[in-house]
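Written below as structure tokens is the structure these notes are about.
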Amino acid sequence: MERVTGRLIQMYGNIVNFLRKCVFYILSVGPIPNHIAFIMDGNRRYSKRLNLMQGAGHKVGYSALMSMLKYCYELGVRYVTIYAFSIDNFKRSPEEVQSLMDLMLDKIEELLREESIVNRYGIRVYFSGNLKLLNEPVRLAAERVMLATAKNSKAVLSICVAYTSTNEIVHAVRESCEEKCDEIALLNSSGGYEPDESDHLIKVTDIEKHMYMAFAPDPDIIIRTSGETRLSNFLLWQSANCYLYSPSVLWPEIGFRQFLWAILNFQRTQFYLDKKRKQL
Amino acid sequence: MLFSLHFSPPPVIAPLPFKPLSHVPHHHHHTLNMLPSTHVLKPPLCSTMEHFTLNHHGKGGEEEEEEVDQTLPLGLRREAMPRHVAVIMDGNRRWARSRDLPVRSGYEAGARSLRTIVELCCKWGIKVLSVFAFSSDNWFRPKVEVELLMSLFERGMQEDTGIFLRENIRVSVIGDLAKLPEALQELILNLEETTKNNTHFQLIVAVSYSGQYDVVQACQRLALKAKHGLVEPGDIDASLIEQELETYCSEFPHPDLLIRTSGEFRISNFMLWQLAYTELFFAQSLWPDFGEAEFLKALLAFQQRRRRYGG
């Protein structure tokens, strides 16, 4: 009896997978976003609403994340970025911060395993942010994952930890200024420096190449769950022309429906975006 | 800004109990409503609004000294009003096209809409309004259209200087002004100079502006300072960048609320750094149709939001 139920469940799962792939096939007729970013908001509210233990919402949120990643990579989205932990989140209670760090360490180490999603889809993982702010175990685990997946080339997963956009911009500005100063010092010493040359002015490209997110193109869609419509210091620089979608579901509740809706709306506005890109 | 402003005498506005800090988020303390209970009703969210003047019920001897609170529509809480509202005035051309009118009519209707919103901001105690009048990207529009916009700006500024002075409005223009026609640049500088001491309300007009341009120019100024030894590259931090951004001309450089009309869900390169914690509101109507009712809806939605700043 249990074998029959097991078989039925498996069959049901296969049918759902097949139907999903059909939907993705149809969607691929139109433009597919190259880069989707997620602000995974609402885990604590989910815990509270279902009277779960503290931290349980984040665990359910992790499974929601795995589903979303699966949909993205199946559809053919090459870059996915997630806002895992903001520098502002350090303001939370020490217990909560510690439990989030523990969860992150656990999940980062899971990525290193053979059967993990990164190996299944050939994903290269980046950790973007001021990693010096993390405790040592998490930072070392992150560096291990980045090294282990460095050769993967089919897709990219960017995990923003200890990240805020203003911190990223400050870091990029600082590096650009240092670079320019060094350049000028070098030219000075070799006698080739002309004080009025506008080549020595910092440009957009100088700042962009020093961003933590320099390895990825700008996101096409930013999805923030739980109905809050703000960026909370996430990818401010990169979101200049990006479609912002804020479904009211909490992050652990996000599913295929919201994903599909985001893609359809993206496709609807893509004509306008392409026109803009041609102009620039 | 092609409009004539007709204002009722400016109401006395009690200063909001917040200290403006640079990038440190202020916490909106939703204090208990000290106003009479008739004010604490659920907002009707319809186009008819009931305006009434609220009086403090003070002790007898103090009544002459009590200020009459300004008129606020039903449902809006004074203490939770945004100090700085930013607007992306999108949809003028679509508005004109949908009515078979020339593009010029769309922009003129948009200017009238702007007048209404400025008036409402002054009335409802919003201290700063930033408007995205012309983006760096808009230079790529057809030359005829760009020239039309430049001439509309010129006319607007010339016609309304008197009103800005009378209503105590400070006008600041941010953006890469070097790209503008010289006559317009001169007008802008004169207007800024003439209104720089006005304190009731600030109108920030972003012309030839983009968020990325703002950060890049801040970076260039810092690099210049670093070159002259005024600052060490290693010392550059958020507050130094903040001071070089063009919005530093304002007491409240960060918008609390950003409204974008015409149903587009994107920021289109407006004020990126400053929008870090800004509540975004996307309105479906086109800018020329965005009036008091829609603005009220946006403000009410803003007041429902819980701003946590990551905490």
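FYI, it's all coordinate maths here, none of it is from the lab. Remember, predicted model here, so these are calculated numbers, not experimental data. Quick reminder, even Gly has a Cβ in these numbers, built from the backbone with ideal geometry, and neighbours come from all protein chains shown.
Points to keep in mind about this one:
- Cα gyration tensor shape of segment A:20-87, rounded if a/c is under 1.5, else prolate or oblate by comparing a/b with b/c: prolate
- Exposure proxy order (Cβ contacts within 10 Å, fewest to most) of A:Phe256, A:Phe127: A:Phe256, A:Phe127
- Mean separation of Cα contacts under 8 Å (6+ apart) over length of chain A, as relative contact order %: 25 percent
- Shape of segment B:160-251, Cα gyration tensor, a/c cut at 1.5: prolate
- Tail fraction, Cα-Cα pairs, segment B:199-311, threshold 19 Å, whole percent: 58 percent
- Start at zero, step by 5 Å, and the Cα-Cα distances of chain A spread as 1, 5, 10, 14, 16, 16, 13, 9, 6, 4, 3, 1, 1, 0, 0, 0, 0, 0 percent across the bins.
- Seen from all directions on average, segment A:121-190 presents a Cα convex hull projection of 6.6 nm².
- Given +1 at the Cβ of Lys and Arg, -1 at the Cβ of Asp and Glu and no other charges, the dipole of segment A:1-78 around its Cα centre is 200 debye to the nearest 20.
- Chain A, helix-only ellipticity at 222 nm - DSSP H runs n ≥ 4, -39,500 (n - 2.57), divided by all residues, nearest 500: -17000 deg cm²/dmol
- Segment A:Glu183-A:Glu95, extension gain: residue separation times 0.36 nm, minus the distance between their alpha carbons: 27.1 nm
- Within 10 Å of the Cβ of each residue in A:231-240, the mean number of Cβ atoms contributed by other protein chains is 6.
- Exposure proxy ranking, count of Cβ atoms within 10 Å, fewest first, for A:Asp88, A:Asp106: A:Asp106, A:Asp88
- Averaging the sequence gap over all C-alpha pairs within less than 8 Å and six or more residues apart, then dividing by the number of residues, gives segment B:160-270 a relative contact order of 27 percent.
- Extension reserve of the B:Thr161-B:Arg77 stretch, reckoned as 0.36 nm per residue once the Cα distance is removed: 27.1 nm
- Pairs of Cα atoms farther than 22 Å apart, segment A:107-234, %: 53 percent
- Spacing of the modelled spin labels on A:Glu109 and A:Asn14, each 7 Å from Cα toward Cβ, amounts to 3.6 nm.
- Segment A:29-183 shape via C-alpha gyration tensor axes, a/c threshold 1.5: oblate
- About the centre of its Cα atoms, segment B:217-277 shows a dipole size close to 260 debye [charges on the beta carbon of Lys, Arg (+1) and Asp, Glu (-1) only; nearest 20 debye].
- DSSP beta bridges in the protein assembly as shown [antiparallel fraction, %, rounded to 5]: 5 percent
- Hydrophobic long helices, here whole DSSP H runs in chain A with Kyte-Doolittle means of at least 0.0 and Cα atoms spread over 27 Å or more along the helix axis, are found at A:2-27, A:56-75.
- Using only Cα coordinates, the Kirkwood hydrodynamic radius of the protein assembly as shown works out to 26.3 Å.
- Considering only A:Leu260, A:Leu147, A:Gln98, the residue lying farthest towards the positive end of the dipole of chain A is A:Leu260, judged by Cα position with unit charges set on Cβ.
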